[in-house]
Amino acid sequence: MLKKLKVIEGRLTDGEKPVRLFGMSTHGIAWHPEYVCEETFRALKKEWKTNCIRITMYTAEFRGYCMGGDKEHLKEIIEKGVNIAEGLDMYVIIDWHILSDQDPMVYVDEAEEFFADMSARFADKNNVIYEICNEPNGSGTWARVREYADRIIPIIRKNSPDSLIITGTPNWSQDIHCALDQPLAHSNVMYSLHFYAATHKRTLRQRLDRCVKAKLPVFINEFNLCEASGKGDIDVEEANAWFDLIDSAGLSCISWCLSNSGDTCAVFAKGCTKLSNWEDSDLKDSGRMIRDEFLHFADEENSK
């Protein structure tokens, strides 16, 4: 049975020993719900040896939770994913996917309702992690994220006092140094760093390294090997540099994303409709490289 996760001295642990989570993120479940199924989750656990899945729910995009989406249906998809993951002994991240809304305070009332419901539904589940805002940007300053977190975290804590919470950081979750300078006044919280290897390079790695050495609890809960747009070529050299740092620091990481769209960041080939048993020809180059890195991570974790 999975243990609830706990941050101790900047490291993610099971309360006793360090833990590293790694796995895939779904795309927005309003558009790509098909991957939230036992067949796919089981394949990610058995074939790719991952131990975590991120369920992404957009807030302000068309048919997003706050833009006319079917709220109850979206919640049902999340609940389905949580239960499947629990049955497979996988952790699951519930992602309130702020993007075009920039500032998490824009839909804070909706976020309060959502996380009150989710934390009540899953109060007794050890495998649930709450990601309260994906990528603050533009007007989503650290001051606004702090204000938002101070409203949302107590709501989660009322129902689930010891669950792990992840919060985004400004500039599309790259400015983690803001959290280092002014951390939240809440326990068992980690801070997001996102990277796309063809865009985000040595400077961001140096920032990450500095924050990790200062014992800031960082979770890389979104990455890919292409440009930040999700398009363009993958940068193998930069990707390997990122994987080396992730490996040496023992960081958790989640890759974007389970999709067969034409974007580089979609790990499946455009014509692939399989939900499991993927062969190399079913994967884009990024998908093959990410899968192989996850298998490497799993081998390392099993050898400890």
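Among the residues making up the stretch 62-76, a single one is at positive phi and not basic (Lys, Arg): Gly68.
Pick out the one residue from Glu113, Glu135, Glu131 that is surrounded by 23 or more Cβ atoms within 10 Å (Cβ to Cβ), within 23 Å of Lys71 (Cβ to Cβ) and out of contact with any Cys (no Cβ under 9 Å at 6 or more places or on another chain).
Glu131 is the lone residue from the list that is surrounded by 23 or more Cβ atoms within 10 Å (Cβ to Cβ), within 23 Å of Lys71 (Cβ to Cβ) and out of contact with any Cys (no Cβ under 9 Å at 6 or more places or on another chain).
Going through (1) buried (at least 16 other Cβ atoms within 10 Å of the Cβ); (2) over 26 Å from Gly64 (Cβ atoms) one by one, Gly15 falls short only on (1). Against the criterion of being closer than 27 Å to Val19 by Cα and in a helix (DSSP H, G or I), Ala120 qualifies. Of everything in the stretch 244-271 that is in a loop (DSSP other than H, G, I, E, B) and without any contact (Cβ under 8 Å) to a residue 24 or more places away in the chain, the residue that is surrounded by the fewest Cβ atoms within 10 Å (Cβ to Cβ) is Gly271. The set of residues in the stretch 123-149 that are out of contact with any strand residue (DSSP E or B) (no Cβ under 6 Å at 6 or more places or on another chain), hydrophobic (A, V, I, L, M, F, W, C) and assigned to a helix (DSSP H, G or I) comprises Trp142, Ala143, Val145.
Confirm whether Thr56 is crowded, with 24+ Cβ neighbours inside 10 Å, touching an Asp or Glu at 6+ places or on another chain (Cβ under 8 Å) and at negative phi.
On the way: crowded, with 24+ Cβ neighbours inside 10 Å: yes; touching an Asp or Glu at 6+ places or on another chain (Cβ under 8 Å): yes; at negative phi: yes.
For Thr56, the condition - crowded, with 24+ Cβ neighbours inside 10 Å, touching an Asp or Glu at 6+ places or on another chain (Cβ under 8 Å) and at negative phi - is met.
When each of Ile166, Ile152, Ile93 is tested for being crowded, with 22+ Cβ neighbours inside 10 Å, modelled with pLDDT of 95 or more, in a helix (DSSP H, G or I) and among the β-branched types (Val, Ile, Thr), the lone residue that passes is Ile152. Here the condition is being at pLDDT 95 or above, under 14 Å from Trp48 (Cα atoms), out of contact with any strand residue (DSSP E or B) (no Cβ under 7 Å at 6 or more places or on another chain) and buried (at least 16 other Cβ atoms within 10 Å of the Cβ); of Glu293, Glu238, Glu279, it holds for Glu293 alone.
Taken over the stretch 59-90, the criterion of being surrounded by fewer than 22 Cβ atoms within 10 Å (Cβ to Cβ), outside any loop (DSSP other than H, G, I, E, B) and not aliphatic (A, V, I, L, M) is satisfied by Lys71, Glu72, His73, Lys75, Glu76, Glu79, Lys80, Asn83, Glu86, Gly87.
The values are calculated or read from the model by the stated rules, or taken from the named source; none is laboratory data. Note that the structure is predicted; figures quoted are calculated from it, not measured. Please note: Cβ atoms are built from the backbone with ideal geometry, for glycine as well, and neighbour counts cover all protein chains shown.
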